[in-house]
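The values are calculated or read from the model by the stated rules, or taken from the named source; none is laboratory data. Here the structure is a predicted model, which is why all the values come from computation and not from measurement. Heads up, the Cβs are rebuilt from the backbone with ideal geometry, glycines too, and the neighbour counts pull from every protein chain shown. Note: areas computed on protein heavy atoms with side chains; ligands, DNA, RNA excluded. Shrake-Rupley method; radii C 1.70, N 1.55, O 1.52, S 1.80 Å.
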Amino acid sequence: MYDKKSYDIEVAWQINEFCNFDCVYCWLHERDWENSKRFVGLQDTEKVINGFNKTGFAWLIHMSGGEPFFFPNFLQVCYELTKKHFISINTNLSHKDVFEFSKIINPEKVDFIHASLHIQERIKCGQVQDFIDKYRVLRKRGFNIFVSYLMYPESLDRFRKDYDYFKSKGIILRPKVFWGEYYGIFKIFDSIFFREFNHFKPIRNLLKKTYPNAYTKKQKQLINFYIEKSSQEEDEDLKFKRNLRIRTVDLNLDKKWINSLISFKGMNCSAGKDFVKMDQTGGVVRCIDENQYQLGNLFGGEVELFREPRRCSADICSCPYVGCRYVCGNTIVGGA
Ligand code: SF4
Ligand code: SF4
């Protein structure tokens, strides 16, 4: 087991934009699957490994996508990276290589696995049991795995039932607050066609609800209740591990932004120094919102980090898990 000082810097690397699921709430949704030009990830494994190694830092490499398991040679990349660095992964847990991953990767070098249960897609593919099986294998091997469930408006009514079902299988679902637009029965107005024509904008504005602000009082109560309950019910083993280190993606924090998006504007934040955001081809910026600070390219040159924390100028912190961890003093100053 290690503590937070075991790595020098954390990077949130969006490694690809390819995914086998097609969740209705995803930014990948509505792309052309048949002629998919979605980027599955860099082919040059050596370039990736050397990119991290040559910096001389020990990294915590947080990988998200798309679906990271589709990245070319993903298992080899994880294996090589975990020789010197730590990794964490956001995954839908659907790829068959999850089983092999559990055998060849050292759980001690994996900060966490954030498995998202996309229940509608799982039901559509007849793969609910597959999720349970993979979760169990990873837990058995000692990985720090936790499961999120997006509190999308259409999923709220079924959440209690799903919570009880998965709990009976040994899985605690952690509610995740939804950020985004929702059109309900008018979902056609969220299609590319309607989005591209400006004269539909007034109708779209009229029909859309924007979350989290649009949650009703009752829905907020439900979500807050289950944030607490799920936190308590994560089994003792997992809690023990979690207490030994700070986890950037901490779903207990979701209650901070259940009313509105949050901002740390004006406060000092060590993103750019202790944390960076990286795109699919190695381009490094301070964070999603402060991407005017371009810090170099990890796979094609040098990266120059901030020496000290700097003031945040963003109206919204789009990755508040990062803000909550890296803002100095950590006080939310506003919302939108
Ligand atoms: S599993 Fe994740 S990346 Fe894939 S479509 Fe769903 S939300 Fe998007
Ligand atoms: S508070 Fe959020 S938006 Fe501001 S610099 Fe830090 S991570 Fe970026």
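Numerical summary
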item	result
Qualifying residue in the range 127-134 (condition: in contact (Cβ under 8 Å) with a residue 60 or more places away in the chain, under 22 Å from Gly66 (Cα atoms), among the polar types (S, T, N, Q) and surrounded by 14 or more Cβ atoms within 10 Å (Cβ to Cβ))	no
Test: residue in the range 192-203 that is open to solvent by less than 70 Å² (accessible area, probe 1.4 Å) and at pLDDT below 95	yes
Meets criteria (in contact (Cβ under 8 Å) with a residue 12 or more places away in the chain and either under 27 Å from Ile223 (Cβ atoms) or open to solvent by less than 10 Å² (accessible area, probe 1.4 Å) (or both)) for Phe99	no
Which listed residue is farther than 26 Å from Val128 by Cα, within 21 Å of the chain's Cα centre (by Cα) and either modelled with pLDDT under 95 or within 16 Å of ligand 2 (Cβ to nearest atom) (or both), from Val11, Val77	Val11
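For every residue, the table says whether it meets (1) within 16 Å of ligand 1 (Cβ to nearest atom); (2) among the small types (Gly, Ala, Ser).
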{"position": "Lys256", "(1), (2)": "no, no"}
{"position": "Gly266", "(1), (2)": "no, yes"}
{"position": "Val276", "(1), (2)": "no, no"}
{"position": "Gln280", "(1), (2)": "yes, no"}
{"position": "Cys312", "(1), (2)": "no, no"}
{"position": "Tyr326", "(1), (2)": "no, no"}
